[in-house]
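Student: Quick one: the structure is below, and I'll ask about it shortly.
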Amino acid sequence: MKNKRTTASARLDPVRRRLLQLLTTKGSTLQAASIAMGRNEAYLQQFVHRGTPKILAEDDREILAEHLGCRPELLKHGRSYRLSTHAKRPPPPSDAYSAPVGYSVVPEADVRLDPDAKAWNGELRETGEAWLFADSFIRHRLRADPGDLWMIEEDGDSMEPLLSSGDHILIDVSRTVPAPPGIFVIWDGIALVAKRIEHVPHSDPPRVVLKPVNSEYDSHERPAEEVHIVGRAVWVSKRL
């Protein structure tokens with residue numbers, strides 16, 4: 001039988017889960033933080049477990065962030081990062097999880113469309129989960145910037161046996177050009193999926209081929225401008 005507290009915690013949104021993580025790191029409690037905010041001692045207990053209020057007011061976020069030693073925006077709902085080939089991606093909120101010195105936190109992205117959205121707007125949304133990587137590994141082995149990395153969970157069998165459903169793929173969102181060919185995560189109109197992508201030589205306008213690894217699936221050739229490449233896969237976590 002599942003622990004009721006664990007089950008309830010799993011239903012919390014990313015901001016409420018992050019608040020609990022920050023309190024644990026700080027060695028504080030919901031009651032102590034509520035009092036530090038100048039609120040009644042049950043204020044944050046009701047916010048986290050009863051959903052009242054639905055979101056924290058700006059003034060409350062600033063005071064609470066000061067108590068926790070974090071940035072106020074980490075307690076704000078609706079945080080997301082827009083992908084752009086013309087601008088630097090904001091760094092993942094490593095201080096939200098109190099990463100040790102020499103390590104960076106990589107957020108995990110939700111592979112599905114926001115249920116309230118009619119179409120994908122080009123933004124990656126956090127699931128509230130995060131992965132910890134050594135900075136030396138990121139910079140020297142992956143040759144990447146921590147702020148450009150996101151973790152994506154593979155869903156489906158089109159990349160079997162290379163990638164299996166449930167594997168976690170680390171992607172670099174600054175690398176969206178399939179030269180050289182490689183494994184990329186793309187938006188297929190429904191979800192974020194992994195595909196091997198190759199540029200078609202001498203094609204004008206440029207075209208690419210999307211190749212599954214699983215032989216039961218067909219390859220598809222598309223104009224490059226129609227393929228929304230989110231990032232190149234640089235590392236994978238697999239269950240043995």
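The values are calculated or read from the model by the stated rules, or taken from the named source; none is laboratory data. Predicted model only: the values in this text are computed from it and were never measured. Ideal geometry is used to build each Cβ from the backbone, glycine not excepted, and the neighbour counts take in all protein chains shown.
Student: Does the stretch 165-176 contain any residue that is farther than 19 Å from residue 226 by Cα, free of Cβ contacts under 8 Å to residues at least 24 places away in the same chain, surrounded by fewer than 16 Cβ atoms within 10 Å (Cβ to Cβ) and more than 17 Å from the chain's Cα centre (by Cα)?
Tutor: For the stretch 165-176, residues farther than 19 Å from residue 226 by Cα, free of Cβ contacts under 8 Å to residues at least 24 places away in the same chain, surrounded by fewer than 16 Cβ atoms within 10 Å (Cβ to Cβ) and more than 17 Å from the chain's Cα centre (by Cα): present.
Student: Which numbered condition trips up residue 102, out of (1) surrounded by 12 or more Cβ atoms within 10 Å (Cβ to Cβ); (2) assigned by TED's automatic domain parsing to the domain that holds residue 127; (3) modelled with pLDDT of 80 or more?
Tutor: So the condition that residue 102 fails would be (1).
Student: Has the stretch 75-98 got at least one residue that is among the basic types (Lys, Arg) and modelled with pLDDT of 55 or more?
Tutor: yes
Student: Within the bounds of the stretch 155-172, is there any residue that is on the phi > 0 side of the Ramachandran plot and either at pLDDT below 85 or in contact with a Cys (Cβ under 9 Å, 6 or more places away or on another chain) (or both)?
Tutor: Yes.
Student: Take the residues in the stretch 57-82 that are free of Cβ contacts under 8 Å to residues at least 40 places away in the same chain and within 23 Å of the chain's Cα centre (by Cα); name whichever of them is surrounded by the fewest Cβ atoms within 10 Å (Cβ to Cβ).
Tutor: Among residues in the stretch 57-82 that are free of Cβ contacts under 8 Å to residues at least 40 places away in the same chain and within 23 Å of the chain's Cα centre (by Cα), the one surrounded by the fewest Cβ atoms within 10 Å (Cβ to Cβ) is 78.
Student: Would you check which residues across the stretch 13-55 are part of a helix (DSSP H, G or I) and either closer than 21 Å to residue 110 by Cα or not assigned by TED's automatic domain parsing to the domain that holds residue 68 (or both) and list them?
Tutor: 14, 15, 16, 17, 18, 19, 20, 21, listed by residue number.
Student: Among the residues of the stretch 175-196, how many are farther than 14 Å from residue 156 by Cα, out of contact with any Gly (no Cβ under 7 Å at 6 or more places or on another chain) and of a type in the set (Val, Ile, Thr)?
Tutor: 2
Student: Now a separate question. Identify the single condition in (1) in contact with a Ser or Thr (Cβ under 8 Å, 6 or more places away or on another chain); (2) at pLDDT below 85 that residue 40 does not satisfy, given that it satisfies every other one.
Tutor: (2)
Student: Which one is nearest to residue 100 (Cα to Cα), of the residues in the stretch 1-32 that are among the β-branched types (Val, Ile, Thr), surrounded by 13 or more Cβ atoms within 10 Å (Cβ to Cβ) and at pLDDT below 85?
Tutor: 25
Student: Is there a residue being without any contact (Cβ under 8 Å) to a residue 60 or more places away in the chain, within 18 Å of residue 107 (Cβ to Cβ) and surrounded by 16 or more Cβ atoms within 10 Å (Cβ to Cβ) anywhere in the stretch 177-190?
Tutor: yes
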